[in-house]
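Please treat every number below as a calculation from the coordinates, not as lab data. This is a predicted model, so every value here is computed, not measured. So basically every Cβ, Gly included, is an ideal-geometry build from the backbone, and we count neighbours across all protein chains shown.
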Amino acid sequence: MYKRPARILFIDPGEGARARIAQAWARELGTRWVEAGAAAMVAGESQPDLTRVLDERVVSGDTGPCPNWTQALEASWDLVVLLDFKGSEDLPARIRGVRVKSWNLADSCPAGADGSAIEAMDLCRDALRERVEGLLGGFRMKAREDDNQAGMTDDGNGP
């Protein structure tokens, strides 16, 4: 396992609502394995409805404006996750020295998931939880392997 938590940056093509939701889930579900950040392609305001969307699932998260993606990339990240970037095929090439993963959220984050429609944000929140859980599954598995190699037994209940 990494000697430090992996650093993951979620980048939203809009004002950052989806990135903030993914960041909140990663922090909530993966505190042992990851440090998460959020960034936006478009400058925006804080998302007041985001608080309700996250509170409904008892997840705490930052609801302030997301930093611009170019500023966020100045920090060092191990993985950058692009959230629903259509027509930005050249973007991964512009992000150098870090692994880039793209999540197509067209089916799970309908129009309005950028903060303009509560119902769409709810659907997107739940879809992003599933995606983040899948991403964290690899970190959990690796942690179990490392724990077992150190002479510990796996009771099947996770870390």
Inset, instruction - Would you mind putting 19-26, 117-124, 71-78 in packing order, based on average other-beta-carbon counts within 10 Å, highest first? - result: 19-26, 117-124, 71-78
Inset, instruction - Name the long-range amide H neighbours of GLY37: under 5 Å, sequence gap of 5 or more, or other chain; modelled H, no Pro or chain starts. - result: ILE8, LEU9, PHE10
Legend entry - Length released on extending from ILE118 to LEU79, taking residue separation times 0.36 nm less the Cα-Cα span: 11.2 nm
